[in-house]
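The structure under discussion appears below in the form of C-alpha cells.
The values are calculated or read from the model by the stated rules, or taken from the named source; none is laboratory data. Remember, it's a predicted structure, so these values are computed and weren't measured experimentally. We place every Cβ from the backbone using ideal geometry, glycine too, and count neighbours over all the protein chains shown.
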Amino acid sequence: MDSAPPVKGDTSLRFPLATFGQVRCELGAQVRRVRHALPALLAALVLLSLGAWASVTVPRVMGQIVDVVTGASSRPFWHLGVALFGAAIAGAVLSAVGFYLVSRVAERVIANLRQDMVGTALGLPTHRVEDAGTGDLVSRSTDDVAELSAAVTETIPILTSSVFTLAATVVALFALDWQFLLIPVALAPVYYLAARLYLRKAPGRYAEERAAMAGRAHRVLEAIRGRATVRAFSMETAMHHEIANASWTVVTKGIRARTTMLILNVWMLVAEFCMLALTLLVGYHLVGTGALTVGAVTGAVLMIIRLRGPLNMMMRVLDTVQSGYASLSRIVGVVVDPPVPVPDAGVGAPIGRVELRNVSFSYGGAWAVRDIGFVVEPGQTVAIVGASGAGKTTVAALLAGLLVPDRGEVLVDGYPISALSDRERIARLATVSQEVHVFSGTLRQDLTLARPEATDDELLSALDRVHARGWFDRLHSGLDTVVGARGISLDPVAAQQLALARVFLLDPAVVVMDEATAEAGSAGAEALESAADEVIRDRTAVVIAHRLDQASRADAILVMDSGRIVEAGSHDELVAYGGIFHHLWDAWSAGRRAIGAGVDDE
C-alpha cells in the first residue's frame, strides 16, 4: 500500500519574519551604508530640537500678548508681534529642514533594503523560491516596500515633530510652574494602557494582512502564468472564485487590523476630555491664588492644548507604524539569512548522464509523481508523453532542480543536482520551457546572459543554428537592436529561438525541454522544430513532448499517467504494444490526416 505524501504548509509563509533584534541590527547596518548618514541625522536632531523649541515659544508669546491687553505687562505690542512671527517662521523652517534630512536618509535605507532583498532572492536556490511561492516574494518586493515607504513618509515627520514638541513643552511647563506637569503625568497611564492594548493585537493582525496579500499575489500570478491551461480546461470561473476569495481574505484581515485602531480612538477621546478638564481646573486654581497671571496661564493652557496634538498624532500613527513594521520585518526576513553558496562537489568534466531513483514528489495534497525511475545515458534523447496532469512538468522541474523530491534522488553525472555548485550545474544542465522571457535591452545583452565573453561572430552563429536569421536580418540595428518590454516585441517563435540560441552559447551536457516547441503550431513551425532538433543533437535530452511526431524521433519514450510511468520503450515498440501510447498515436495521426485533407480540399 502506498504511503501518504508528506504534509506541507502554506507556501506563502515560508520566507521567515525577522525578529525585532534582527530588524534593529539590519537597520543599523543599512544606516551605516548610507554616505554621511550619521552627520545628517545629528544635524537633523539639532534642527528638530530648535524647531520644536521655536514652536513652543509661540503659545508663550501669545500668553504675553494677553498680559499686554489686560494691562498686566507694559512690553511694546509690536515686539511681541515680531517675536511671534519670528518663532512661527523659525519653527517651520527648522523643522522642515530636519524632516528633509531624516527622510533623505530613510528613503535611501529603504532603497538599499529593496536592492538587498531582490539580490538575496536571486541568489537563493531556485527550489527554495519555488517552495516559498513567487507570490510571497513579489508581495514583499512590491506591496511591502510600498507600505514601508508610505509609512516612513507619513510617520517620520509626525513622530519627530511630536517627540521634540513633547520634550520642549515639558521643559517649558516646568519652567513656568511645576503643577502643570501633573496633567501629562496623570494622563500618561491612560495613553500607556491604550498603546499597550493596541500593540498586543495589532502586530499579529497586520502580519496576517501582509500574508493574505502575499496569497492574493500568488493566486493572481498563478492565473496569469497558467492562462493557457485555464482556458483549455474552462477553469476561468474557478480561478475567478479563488482570486475573489483571496481578495476577500485581504479585506477581512484588513478590517480586523483596523478595528484595533477604532478601539484606540475611543481611549484617545477619553484622554483628550480628561486633559482639557484638568488643564482648566489647574489654570483656575493658579490664577485664583495669584501664582500666575492670566496671560501666563493662557500660555500654559495653549501649550497643553498643543501637547494634546502631538500625543494624539503619536497614538494615531501607531496604526501606520505597525503596518510599516510588519512590512519591514517581512523584507528583513528575506535578507537576514543570505544564502550560503553551494561549494563545488568536485565532479569532473560534464558527461551528461541523468538518473531518477524512485523519485516521489507532492505539492501538499496527493502525490504529483510517484516512484519515478529511469536513466538517460549520455547523448540519448528521452521523450515523456502523457495527458495533462500526468506529472510530466513536475518531472521536468525535478530534473532542472526547481523542485526537490520528497523521496528518492535526482542525479546528474552521479551527483544529486542539489549538491552541485552553480558553476557545476550550469555546465551540465539547461532548461527550455514553453514560456520564455525576453529581457529588456539590446539583443546582444540578451544573448550574452548565457556567455558574457561571447563574440559577435559566436552570437550570430548561434542565431544561425536556430534558424533565426530570417527575422534577425530585418532588425534595423542588428545585435544592438533593443528588444523586450522597452524595445521590439518578439513573437513567440522568435522568442523561443532566442532561448534556444542561449542554450547553444551555454553549451550544457543535458537539455531539459518542457514543451519548448508548443508554439510550433503557429507560423515558423518548421524552423522551430528544426532548431529544437539542432539543440538536442549530440546532447543528453529529456523532452516533455507536446507533439507526438517529436516524441517519435526520440531514442526512448516514457508514457506517464497519474504521476507514474506506465509504459516505456521505443516508438515502434510502444505502437506495437497497443497501450496508451498506441491510442495517443492513432488519435494524433488521425488528426494530422484530417488537417491535411482539409488543406487539400482548399
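Quick notes on this structure:
- Candidate set: region 437-453, residues that are part of a loop (DSSP other than H, G, I, E, B) and crowded, with 18+ Cβ neighbours inside 10 Å; chosen: the one modelled with the highest pLDDT: 448
- Checked against (1) charged (D, E, K, R); (2) within 30 Å of residue 250 (Cα to Cα); (3) at pLDDT below 75, residue 147 passes all but a single condition, namely (3).
- The lone exception for residue 262 - which of (1) modelled with pLDDT under 80; (2) hydrophobic (A, V, I, L, M, F, W, C); (3) farther than 24 Å from residue 433 by Cβ it fails: (1)
- Looking across region 534-550 at every residue that is in a helix (DSSP H, G or I) and either touching a Ser or Thr at 6+ places or on another chain (Cβ under 7 Å) or not assigned by TED's automatic domain parsing to the domain that holds residue 378 (or both), the one that is modelled with the highest pLDDT is identified as 536.
- Region 208-243, subset among the basic types (Lys, Arg) and surrounded by fewer than 17 Cβ atoms within 10 Å (Cβ to Cβ), residue nearest to residue 387 (Cα to Cα): 231
- Looking only at region 172-184, and only at residues there that are closer than 12 Å to residue 307 by Cβ and out of contact with any Lys or Arg (no Cβ under 8 Å at 6 or more places or on another chain), the one that is surrounded by the most Cβ atoms within 10 Å (Cβ to Cβ): 180
- Which listed residue is assigned to a helix (DSSP H, G or I), touching a residue at least 24 places away in the same chain (Cβ under 8 Å) and farther than 30 Å from residue 411 by Cα, from 479, 528, 475: 479
- From 575, 599, residue being part of a helix (DSSP H, G or I), of a type in the set (Val, Ile, Thr) and either modelled with pLDDT under 90 or within 44 Å of the chain's Cα centre (by Cα) (or both): 599
- Candidate set from region 366-411 (those that are polar (S, T, N, Q) and within 17 Å of residue 536 (Cβ to Cβ)); member that is surrounded by the fewest Cβ atoms within 10 Å (Cβ to Cβ): 380
- Hey, residue 298 crowded, with 20+ Cβ neighbours inside 10 Å, of a type in the set (Ser, Thr, Tyr), over 30 Å from residue 17 (Cβ atoms) and touching a residue at least 12 places away in the same chain (Cβ under 8 Å) or not: yes
- Test: residue 507 is closer than 30 Å to residue 413 by Cα, modelled with pLDDT of 85 or more, over 29 Å from the mean Cα position of the chain (by Cα) and surrounded by fewer than 16 Cβ atoms within 10 Å (Cβ to Cβ): yes
- The set of residues from region 482-500 being under 16 Å from residue 470 (Cα atoms) and part of a loop (DSSP other than H, G, I, E, B) comprises 489, 490, 491.
- Given (1) more than 31 Å from the chain's Cα centre (by Cα); (2) over 30 Å from residue 50 (Cβ atoms), index of the condition residue 230 fails: (1)
- Residue 423 surrounded by fewer than 18 Cβ atoms within 10 Å (Cβ to Cβ) and either within 15 Å of residue 504 (Cβ to Cβ) or assigned by TED's automatic domain parsing to the domain that holds residue 543 (or both): yes
- Number of residues in region 157-171 that are β-branched (Val, Ile, Thr) and either surrounded by fewer than 19 Cβ atoms within 10 Å (Cβ to Cβ) or out of contact with any helix residue (DSSP H, G or I) (no Cβ under 8 Å at 6 or more places or on another chain) (or both) equals 4.
- Looking only at region 26-44, and only at residues there that are without any contact (Cβ under 8 Å) to a residue 40 or more places away in the chain and assigned to a helix (DSSP H, G or I), the one that is nearest to residue 92 (Cα to Cα): 42
- Scanning region 353-387 for residues that are under 19 Å from residue 432 (Cα atoms) and either touching a Cys at 6+ places or on another chain (Cβ under 9 Å) or assigned to a loop (DSSP other than H, G, I, E, B) (or both) turns up 353, 378, 379, 380.
- Of all residues in region 405-436, those being in a loop (DSSP other than H, G, I, E, B), at pLDDT 85 or above and not acidic (Asp, Glu) number 2.
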